[in-house]
Amino acid sequence: MARNPLAGFAIVAPAARFDPRHMRIALVSDTHLSPNDALLEQNWRAVAAWIEALRPDLLVHLGDISANGAHDPAELAHARAVIAAPACDVLFLPGNHDIGDAGAPDEPLESRSLAAYRRAFGPDRWSLQTAGWQLLGLNAQLLGDPGEEAQAQWAWLAESLAGSEAPLGVMSHKPLRPYGPEPPGRYPDPAARQRLLDMLRARDLRFVVSGHTHQSLGFRAAGARHVWAPSVAFVIPDAIQAPVGAKRVGAMLLELSPARFTLRSAAPAGLARRDLFELEHIYPQVRDMRRGAEAP
Ligand SMILES: [Fe+2]
Ligand SMILES: [Fe+2]
């Protein structure tokens, strides 16, 4: 299995070949790869071809890499095998479908899955100093959990924030600032979210990029840009998720140079816009959702 060349440490050293003045980072999210659906894999192949043509310096996956890794850790190894070795370095973050979610009774945090995630994808949180920026990748699934892993992340976060004065960009599976309705599970636990935002206030936070909602959106709050990256795999129908942003599939490109950033949407050729209602064979709970529950 391909090893992540940047993996293994929570504080990540930039690869020597990174240009210190300019960095291009491809962002993808919510691939929901499953051994039981070949079309989801086809969407990943479209993204892989886009990356191959684009040749960014780094790829970041914002989580929900797998469809059901939280219940079946073997799906994480399957997803890693599908992703294999993209045409650039890659960093991952876990999503609720990969390792579960703090405080969610129907998908609790699974330590087995977190261990399997780390074996397959490397660190679940990381800090990267590059092109005059600090980029922090957070394990949003731990936010609000009282356990040791969550406490270790808080300590790591305090240390990482104190270790740089560079402009800051944060990446997280879940969005950190509410926008529109707050269905259960969309945002981290309110107390943990506030604690995090208070800590970030000490720094020059410029942007937060997240996945998870399967919608594409950008807004400003407290001087920072908050961007929801779309899913690579599928959208969630309006019948079970109120539209807030654009319901499309796609990817994003982040460009960094000292003190400047741009974040743009990308539409890799060949991506099929699928819909969660087509995926009942992977998510049987969709049948119940049709009857009134709301998706994140
Ligand atoms: Fe997702
Ligand atoms: Fe998610």
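We did not get these values from a lab; they are worked out from the coordinates using the rules stated. Computed from a predicted structure; not experimentally measured. Positions of Cβ are backbone-derived with ideal geometry, glycine not excepted, and every protein chain shown enters the neighbour counts.
Annotations for the structure displayed:
- Segment 133-197 shape via C-alpha gyration tensor axes, a/c threshold 1.5: oblate
- Charge tally around Ser29: other residues with Cβ under 13 Å, Lys/Arg +1 each, Asp/Glu -1 each, net -1.
- Model label zone, Asp19; criterion: amide N under 13 Å from point 7 Å along Cα-to-beta-carbon; scope segment 247-265: 255-258
- Cα-centred dipole magnitude for the chain, charges only on beta-carbon of K, R (+1) and D, E (-1), debye, nearest 20: 980
- Net charge over other residues, Cβ less than 13 angstrom from the Cβ of Arg220 (K, R count +1; D, E count -1): +3
- For segment 24-289, the share of DSSP beta bridges that are antiparallel, to the nearest 5, is 45%.
- Euclidean distance of C-alpha centroids, segment 215-258 and segment 147-165, integer Å: 26
- Relative protection proxy for 209-215, 59-65, 73-79, from highest mean packing down: 59-65, 209-215, 73-79 (other beta-carbon atoms within 10 angstrom).
- Under a 5 Å amide H cut-off, with hydrogens placed 1.01 Å from N, Val208 pairs with Val170, Arg225, His226, Val227 among residues at least 5 apart or on other chains.
- The length gained by stretching the chain between Asn36 and Ser111 to full extension, at 0.36 nm per residue less their Cα-Cα distance, is 24.6 nm.
- Among the trypsin sites (Lys or Arg not before Pro) found in segment 161-225, those both in a DSSP coil and sparsely packed, with 15 or fewer other Cβ atoms within 10 Å of their Cβ, are Arg201.
- Solvent-free Debye scattering, log10 I(q)/I(0), computed from the Cα coordinates of segment 24-289 at q = 0.07, 0.17 Å⁻¹: -0.21, -1.47
- Neighbourhood net charge (15 Å Cβ-Cβ; Lys/Arg +1, Asp/Glu -1) for Leu93: -3
- Rounded, prolate or oblate (a/c below 1.5 giving rounded, otherwise prolate when a/b exceeds b/c) for segment 84-237 by Cα gyration tensor: rounded
- The DSSP beta bridges internal to segment 186-296 are antiparallel in roughly 65% of cases.
- Shape of segment 10-155 from the C-alpha gyration tensor: oblate (a/c of 1.5 or more and a/b not above b/c, with a ≥ b ≥ c the square roots of its eigenvalues).
- Length gained on full extension, Ala259 to His71: 63.5 nm, using 0.36 nm per residue less the C-alpha separation.
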